[in-house]
Amino acid sequence: MTTPPPASPIDADLTFDRIRRHLSAKLALAGSFAGNGAVEASADGCRVRLSDGRSVLDFGSYAVTLLGHRHPAVVAAVRRQLDTMPTSTRSLGNPVAAEAAARLADYFGNTLPKVHFGLNGADAVEVAVKLARLASGRDRVVAVRGGFHGKSLGALALTHHPLYRTGLRGCSVDVVHVAPDDPGAVRAEVASADVAALVFEPVQGENGARCLPPDVLRQWCADAARHGTFVIADEIQCGLRRCGERSVALAEGLPVDAVLVGKPLGGGVVPLSAVVCSEELYAPLDADPFLHSATFGGHPLSCGALPAALTAIEELAPRGAELARLLGRILDDLHHRYPRLIRAVGGRGLLRGIDLDTPRTAGLVVMELAAAGLLVSPCLSRPTTVRLLPPLTSTETDLAEAAHILDSAMAAAARNVTSGPRRTAPPPPAAT
């Protein structure tokens, strides 16, 4: 990847004024702190150029930029589709969506042959749960404490943290949340034979990059299958090689009925998500293809990006494995150097979390990182944790630079904690 080209002049003050007036004053405050008064102007690879001319490393973007910004193969694919047919009639058959579905089913070994496309993770969760309830004739859903599945009303019921439901009397899905380390939790819930689906993230990204125990997941899947409950692996953040495997659940040999993918599925260029599932789970849509539809579902621009994105991800997978090993060593060394600040480092592959002693320390670290040129993703569900999400396109030089910035930020946070607060962190941006 090349250094981003010089950005056209952008009035940061005008941008923040518009954000305050038309979007959110708190978003303006958070963005101003993160950019030290500048706004994002252009991007390429794992670098973002700001309106004041600075170039920063992007190890955040909430896991969307697995291929970095503006991956050339994905950009070229989207441009070709833009010049051909950028939208769909929704009446005629669309070959772009058909090819994307075939490629995605093949990508997962055709063990899950059916595909439904959405635009974001919540879309995929909503459809998967809707299908499970219709196909099973049951209503209840089992989810996991600490899980995050989106903020639309149906998906929000599955999301565990009460923060996201402030002011809402209830959600439309009957959900129970089980402990992530209890092998018998699902058995107890499905015994009444009224549970439509078990939904889990193999790696809980918003919960501080927490890996669920494979042995517990294996027991849960077996118990669910025994009682006719569909098993849905939400890999919108951890799948597609982010955590090393195409699908974490399938690589662990878990007998799932669906894998949900999104975030980098559109190559970091266009929005795209998908439910990849069994014929049994998909049966209601087979019987009535208009049972669930969306105007921009299977949008040609997004689906046109998918083949190029999957090809690029696979080409970079060996590099990702090496980057993950290097990142693990960097974080272990950091933990060793700052044992009083860092309680633990967790995660898998290129989805890693640094768990700090207090939310205040985490806020200070995020601010110090941004000021020094490293963007990361906070965790609203676990405010003590800072997430690192480097792209597959990162280099060893990029990781070395990130390691230096991380070390400096930890040192600054340690001094600040010792001497007392000097400035107050703004609220972090909303998790996605």
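The values are calculated or read from the model by the stated rules, or taken from the named source; none is laboratory data. This structure is a prediction, so every number in the text was calculated from the model and none was measured. All Cβ positions, glycine included, derive from the backbone under ideal geometry; neighbour counts span all protein chains shown. Heads up: the accessible areas ignore ligands, DNA and RNA and are worked out on the full protein's heavy atoms, side chains in. Shrake-Rupley method; radii C 1.70, N 1.55, O 1.52, S 1.80 Å.
Restricting to Cα pairs below 8 Å that are 6+ residues apart, what does the relative contact order work out to for the chain? Please round to a whole percent. Could the numbers behind the result be given before it?
Numbers: 879 pairs, mean separation 89.9, N = 432.
RCO, the chain: 21 percent.
The residue among Phe16, Met85, Leu291 whose Cα reaches farthest toward the positive pole of the charge dipole of the chain, with charges on the beta-carbon of Lys, Arg, Asp and Glu, is Phe16. Ranked by the mean number of other Cβ atoms within 10 Å of their residues, highest first, the peptides 359-371, 223-235, 117-129, 280-292 fall in the order 117-129, 223-235, 359-371, 280-292. Solvent exposure of segment 239-388, expressed per residue, is 36 Å² of accessible area, with all protein chains present and a 1.4 angstrom probe. Rounded to the nearest 20, the Cβ-based charge dipole of segment 197-296 about its Cα centre (Lys and Arg +1, Asp and Glu -1) stands at 380 debye.
How fast does segment 209-292 diffuse by Stokes-Einstein, in µm²/s, taking the Kirkwood radius from C-alpha pairs at 20 °C and 1.002 mPa s? Present the calculation step by step, with values, prior to reporting the outcome.
Numbers: Rh = 14.0 Å.
In µm²/s, the coefficient rounds to 153.
Here segment 180-252 has an Rg and Dmax of 12.3, 37 Å, counting Cα atoms alone. Once both axes come from the Cα atoms, what is the angle between helix 121-136 and the longest principal axis of the chain, in degrees from 0 to 90, rounded to 10? Once rounded, the angle reads 20 degrees. The slack in the chain from Arg90 to Asp139, taken as 0.36 nm per residue of separation less the alpha-carbon distance, amounts to 14.6 nm. On segment 304-354, 52 percent of the accessible area sits on carbon and sulfur atoms, based on a 1.4 Å probe. Within the accessible area of segment 46-152, the carbon and sulfur atoms contribute 54%, probe 1.4 Å, all protein chains present. When Rg and the Kirkwood Rh are both derived from Cα coordinates, the Rg/Rh ratio for segment 233-362 amounts to 1.08.
So with the 1.4 Å probe, I'd like the accessible area per residue for segment 103-160, rounded to whole Å². Spell out each step's value before the answer.
On the way: 2010 Å² over 58 residues.
For segment 103-160, the solvent-accessible area averages 35 Å² per residue.
In plain terms, the bigger the Kirkwood radius, the slower the diffusion; for the chain, with that radius from Cα pairs, at 4 °C and 1.567 mPa s, Stokes-Einstein puts D at 58 µm²/s. Applied to segment 109-116, the Karplus parametrisation 6.51 cos²θ - 1.76 cosθ + 1.60 on θ = phi - 60° returns per-residue 3J(HN,Hα) values of x, 6, 6, 10, x, 9, 9, 10 Hz, with x for Gly and Pro.
When averaged across all projection directions, what area in nm² does the alpha-carbon convex hull of segment 1-128 cover? List each step's numbers first, then the result.
Working: hull surface 44.3 nm².
Approximately 11.1 nm², given one-decimal rounding.
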